[in-house]
1. Pop out the ³J(HN,Hα) list for segment 449-454 in order, Karplus 6.51 cos²θ - 1.76 cosθ + 1.60 with θ = phi - 60°, rounded to Hz; leave Gly and Pro as x.
2. Starting from the amide H of Gln423, placed 1.01 Å from N in the peptide plane, find each other amide H under 5 Å away whose residue is 5 or more places distant or on another chain.
3. Could you tell me which of rounded, prolate or oblate describes segment 108-250, using a ≥ b ≥ c as the square roots of the eigenvalues of the alpha-carbon gyration tensor, with rounded for a/c under 1.5 and, failing that, prolate when a/b is larger than b/c and oblate otherwise?
4. Over what distance in Å are the Cα centres of segment 1-75 and segment 355-392 separated?
5. Report relative contact order for segment 174-283 in percent, whole number only (criteria: Cα-Cα under 8 Å, sequence separation at least 6).
6. Cross-link partners among lysines for Lys102, C-alpha distance below 17 Å, same-chain residues fewer than 8 apart left out?
7. Can you give the log10 of the normalised intensity I(q)/I(0) at q = 0.08, 0.11 Å⁻¹, computed with Debye over equal Cα scatterers of the chain?
8. How charged is the neighbourhood of Ala24? Take every other residue with its Cβ under 13 Å from the Cβ of Ala24, and add Lys/Arg as +1 and Asp/Glu as -1.
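Derivation of every value follows stated rules applied to the coordinates shown; laboratory data play no part. Keep in mind the model is a prediction, meaning the values are calculated, not measured. Neighbour counts are summed over all protein chains in view; Cβ atoms, including those assigned to glycine, are modelled from backbone coordinates with ideal geometry.
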Amino acid sequence: MSNRPEYVSEAEMNRQEDARERIAALPNRPETFHIVTYGCQMNAHDSEKLAGMLLQMGMTETDDRTHADLVLFNTCCIRDNAERRALGNVIWLKQLKKEYPKLMIGVCGCMVQQPGMAERILKQYPFVDLAFGTHNLHTLPTLLYTLLTQNKRVVSVSAQENLIAEGLPAHRLAEYKAYITIMYGCNNYCSYCIVPYVRGRERSRRMADILNEAESLLKGGAQEIMLLGQNVNSYGNGTDESFPELLRALDRLGVPRIRFMTSHPKDLSDELINVMATGSHICNHLHLPVQSGNNEILAAMNRRYTRESYLDRVAAIRKSIPNIGLTTDLIVGFPRETDAQFEDSVSLVETVGYDAAFTFIYSPRKGTRAADLPGQIPADVAGERIGRLIETVDVGTAAVHQMMIGQSENVLVESLSKRDGRQVSGKGTRGITITFEGSEKDIGRIIPVTITSSAANTLRAVRK
Ligand code: SAH
Ligand code: SF4
Ligand code: F3S
């Protein structure tokens, strides 16, 4: 399958910039906006781009959705509950719109990109003014311009799956911690997953564009860069660029901390492990979703690795980087999963001993292969399984935390404790949240600490 991207032309990007300027001059443009984001980091970064564009239209951001002139929902559809939560919140605004007719409501992101969804929104949600998909996020200015000048609802979902729009402004949530999307889409077609259908073909950005972006973030004070992609290990597929090469180049730039997600176990090469082990700025954390510990289920999921090859990768990375923090994703209740097959997931979690794991109950997604499989698992059985799995994960987490007591870590401080205002917290290089005494001025700085104790999901520490 060709991974060749098509770049949005300069002329089109200029047309969008022009629309941003024209909106800024419109007397009836919204004054304030609020974006509600669901889903993964990639969506969070898309929201930063949406905010970047809206700010350039002269609007200001507000954190109160009940006081915004424009509310944009950037949605996720990875599981049914993600979708229902988003739609529930959209409907909730319907009442507000009755009281405040100037309110504009927009819906975008993965949910809208699903086939038939735009028509459904038009029909079932007449109070939604604007809807667009993931492939045409960069066209927000022209869509909004049409909405404001022609006074009609605007729905636009592009089917072109290989586009990359470079040069969009992004309003980052924090200067010290920045996301960079290095690749878009996914070609893996795991049988349960909707992402390839709503994010399009896998396509990688040019390394030079990524390095330029990283360089300007570094100049702006970035302490940490998180590289994003559904399967970052296959970055550059179909070109002569590769993920290890990109990591090496970023490491040389001197960004204090580099993280990335998500890594697909089938593509975790020895070369990548070697770059992680030898790089000076690459965090000792790897998110390596396993999904299941049973080979039949893994095959039915189309994951293209086995329990054994996954454990082999875990052993290889632990050999090279003994203090690596491993995290994972697991799905319980995949169609026809038996108790015995589920037990294989439990035993895999026991064997690996993760720092943390995200556990999900399988949710059938329309259009994916697994949605039509016989043997869907009853909710009560899946509920019991996830409970047991979480207990097992927690035992592993507690053991890792116990082992960390007395060790040194470097924490990038992200927030001040709401409770007493004298505690700060952030993540160590291994990815675990660590809390210690500090003040507002520590936010955005990397501070060396010694771990003193473990409390629930966090570690406590003292400054060195
Ligand atoms: N690209 C990443 C994950 C993207 S989605 C990867 O390959 O691992 C994040 C997680 O959501 C997945 O790892 C999976 O555990 C979960 N997930 C995806 N589709 C799901 C579904 N239909 N039901 C339940 N969980 C799902
Ligand atoms: Fe979904 Fe699989 Fe692609 Fe991850 S690798 S986004 S789980 S299809
Ligand atoms: Fe959700 Fe789309 Fe991310 S479906 S998990 S927001 S790629």
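1. 9, 10, 6, 10, 7, 10
2. Ser417, Gly438
3. Working: a/c = 2.54, a/b = 1.53, b/c = 1.66.
Oblate, because a/c is 1.5 or more while a/b does not exceed b/c.
4. 35 Å
5. Once normalised by length, the contact order is 28 percent.
6. Lys94, Lys152
7. Log10 I(q)/I(0), no solvent term: -0.50, -0.99.
8. On the way: positive: Arg20, Arg22, Arg29; negative: Glu17, Asp18, Glu21, Glu31.
The answer is -1.
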